[in-house]
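> Take this structure first; my questions come after.
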Amino acid sequence: MSIIKVLMVDDEERFRETTSKILSRKGFETILASSGEEALEKISESPDVIILDVRMGGIDGHETLERIKQVAPDTPVIMLTGHGDVTGAKKAYRTGAFDYLAKPCDIDILTAKINDAYHSASKKPQPEKLVRDIMIPLAEYTEISADSTVREAIAALQKSMQGLVATNRIMESGHRSVIARNSDGSTAGILSPRDLITAVLPDYLSAPKPSTADSLQYSVMFWEGQFTSQVARLADRSVRSLLSGEFLTIEFDANLMEAANALTANGKRRIIVQEKGKDIGIVREQELFYEITRIISSR
């Protein structure tokens, strides 16, 4: 697949540099410009898609868009601005913007729009994506030893969440599941929020019991304080003890229908993506949902 070259135009240095790192990690090539004037100079580097902030010193985003359309009319431009600026959005569309996103913009939404803009400009129908095209790389997940405690897993997850980007312009979403590794580096499983919630439930709920116990277990008085006490007991259990055992895997070059069938048939919410036996990513039901909405909205 071709690497998409993105020109990022914004007068805030921290935003430019941070967004460039995130997009590079997601497989894009980035060109940076700190002003509308510099953006017009960087057009000579032939970007495939332009991300353009509206509010900048010097010429603003709207004027920059007008000038870009004069010299590179076929290059799609995605505008970024504050919430509720309906007048500005209409003006951008009239000038020829491909899309207009409100800040803060989730990075996953932005990358999806970049892909859509690129394929729209190429005037070629976008081929159906494969599992590798929608997966989340394992490098974006928190990893921990399967023999660590739940307390340690939560601490690692909190630390990774603190490093995420959240500005008035863009947000980088975190993943709330943890990858549990065996001592040899292989994947032991995925510790998900659902696993933690299930582990909090008292054992007697799943054990054989006389019918007379049913009325007791649902008594507010009987359960008062149990959630907190069960969580306290959970903290020092090993991550491995909470893993549900076998997990689904799928090859990176499989089609999306195969992924959808595997998740549905097995009642799972995520599947590990492999390339030649090596775990490289995860596809969740969210990724399939995003692709469904993309296909529908593009027709």
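> Ordered by residue, what ³J(HN,Hα) values in Hz, to whole numbers, does region 190-202 give under the Karplus form 6.51 cos²θ - 1.76 cosθ + 1.60, where θ = phi - 60° and Gly and Pro are x?
After applying 6.51 cos²θ - 1.76 cosθ + 1.60, I find 10, 8, 10, x, 5, 4, 5, 5, 5, 5, 5, 5, x Hz.
> Another question, then. Testing the spin-label approximation: label points 7 Å from Cα along Cα→Cβ at R233 and E140. State their distance in nm.
So the two model labels end up 3.7 nm from each other.
> Give me the percent of accessible area attributable to carbon and sulfur for region 89-159, probe 1.4 angstrom.
The C+S portion of the solvent-accessible surface of region 89-159 is 54 percent.
> OK, next. Using the Karplus curve 6.51 cos²θ - 1.76 cosθ + 1.60 with θ = phi - 60°, what ³J(HN,Hα) values do you get for each residue of region 65-77, in whole Hz, with x for Gly and Pro?
4, 4, 6, 4, 5, 6, 9, 9, x, 8, 7, x, 10
> Whenever you get a sec, line up F252, F15, F247 from highest to lowest accessible area (probe 1.4 Å, protein heavy atoms).
Greatest to least solvent exposure: F247, F252, F15.
> Can you list residues from other chains, or at least 5 along the same chain, whose modelled amide H is less than 5 Å from the amide H of T142?
I179
> Under the Karplus relation 6.51 cos²θ - 1.76 cosθ + 1.60, θ = phi - 60°, what is the ordered set of whole-Hz ³J(HN,Hα) values for region 38-52, x standing for Gly and Pro?
Values, residue by residue: 5, 4, 5, 6, 6, 4, 5, 8, 6, x, 7, 9, 10, 9, 10 Hz.
> Cα to Cα, under 24 Å, and not fewer than 8 places away if on the same chain: which lysines meet these conditions relative to K5?
Partners found: K21, K26, K42, K69, K103, K113, K123, K124, K129.
> How high is the FRET efficiency from E224 to A199, r the C-beta distance, R0 25 Å, rounded to 0.05?
0.80
> Separate question: Once the piece of chain linking S244 and E258 is laid out straight, how much longer is it, given 0.36 nm per residue of separation minus the C-alpha distance between them?
2.8 nm
> Related question: What ranking, highest mean first, results for peptides 262-273, 28-39 when packing means the other Cβ atoms within 10 Å averaged over each residue?
Answer by packing, highest mean first, reads 28-39, 262-273.
The values are calculated or read from the model by the stated rules, or taken from the named source; none is laboratory data. Note that the structure is a prediction, hence the values are computed from the model and not measured. Ideal geometry is used to build each Cβ from the backbone, glycine not excepted, and the neighbour counts take in all protein chains shown. Side chains included, ligands, DNA and RNA excluded: accessible areas come from the protein's heavy atoms. Shrake-Rupley method; radii C 1.70, N 1.55, O 1.52, S 1.80 Å.
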